[in-house]
Amino acid sequence: MITLLIGKKGSGKTKKLIELANEAVKNSNGNVVVIEKGLKLTYDISHKARLVDSDAYGISGLDALVGFVSGICAANYDVTDIFVDSTLKITGNGVADVETLTAKLKALSESSSANIYLLVSAAAEELPESVLEYVSK
């Protein structure tokens, strides 16, 4: 399952991501991974989740992000939930990448049975219509 957490800067997306990640840790029978840009969530996310700084691994661009998430799923079959904070900053190409990224990660999510949550700093009207079905209500 793919879920997009969308909204403009300051709309509470990161707070929602933190709540969802900590809830996933409580309910998961596997592993929860949170990918962030920079180390800003260290004290907000449960220590039971795997917190990964995308900058530390040189993740930059759509293909690098998809490859990294694929590697996480391939290396650990027990991953149940993956959260990506600052998705557009990591991909570096704004909303232009959302459709392709969502399609690639949806296929990965289905094959690995991992729930993938993408935090996207954009309003619904800025996104392609094809991805609106994945927007969190």
Out of curiosity, is L88 surrounded by 13 or more Cβ atoms within 10 Å (Cβ to Cβ) and touching a Leu at 6+ places or on another chain (Cβ under 8 Å)?
-> no
Residues of region 25-65 being in contact with a Lys or Arg (Cβ under 9 Å, 6 or more places away or on another chain), basic (K, R) and without any contact (Cβ under 8 Å) to a residue 24 or more places away in the chain, which ones?
-> K26, K48
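I'd like the full set of residues that are of a type in the set (A, V, I, L, M), in a loop (DSSP other than H, G, I, E, B) and closer than 20 Å to I18 by Cα, limited to region 46-62. So that I can check it myself, show each step before the final result.
To start, the set of residues in region 46-62 that are of a type in the set (A, V, I, L, M) comprises 49, 51-52, 56, 59, 62.
Adding the requirement that they be in a loop (DSSP other than H, G, I, E, B) leaves 49, 59.
Hit for region 46-62 is A49, nothing else.
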State which residue is surrounded by the fewest Cβ atoms within 10 Å (Cβ to Cβ) when the search covers only region 38-59 and only residues that are over 14 Å from the mean Cα position of the chain (by Cα) and hydroxyl-bearing (S, T, Y).
-> Y43
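Check S70, S121, S109, S113 and return the single one that is touching a residue at least 60 places away in the same chain (Cβ under 8 Å) and farther than 21 Å from L39 by Cβ. Working first, answer last.
Numbers: S70 fails: touching a residue at least 60 places away in the same chain (Cβ under 8 Å); S121 fails: farther than 21 Å from L39 by Cβ; S113 fails: touching a residue at least 60 places away in the same chain (Cβ under 8 Å).
None of the others qualify; the one that does is S109.
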Hits in region 63-105 (condition: within 19 Å of A21 (Cα to Cα) and in a loop (DSSP other than H, G, I, E, B)) | N76, Y77, D78, D85, S86
Say we look at region 106-118 and pick out the residues that are under 13 Å from the mean Cα position of the chain (by Cα) and in a helix (DSSP H, G or I); which of these is surrounded by the fewest Cβ atoms within 10 Å (Cβ to Cβ)?
-> K106
Check whether at least one residue in region 117-137 is more than 22 Å from G12 (Cα to Cα) and at pLDDT 95 or above, and report yes or no.
-> no
Any residue at all in region 31-45 that is in a helix (DSSP H, G or I), in contact with a Leu (Cβ under 8 Å, 6 or more places away or on another chain) and under 27 Å from P128 (Cα atoms)?
-> no
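The values are calculated or read from the model by the stated rules, or taken from the named source; none is laboratory data. The shown structure was predicted, so the numbers you read here are calculated from the model rather than taken from an experiment. Heads up, the Cβs are rebuilt from the backbone with ideal geometry, glycines too, and the neighbour counts pull from every protein chain shown.
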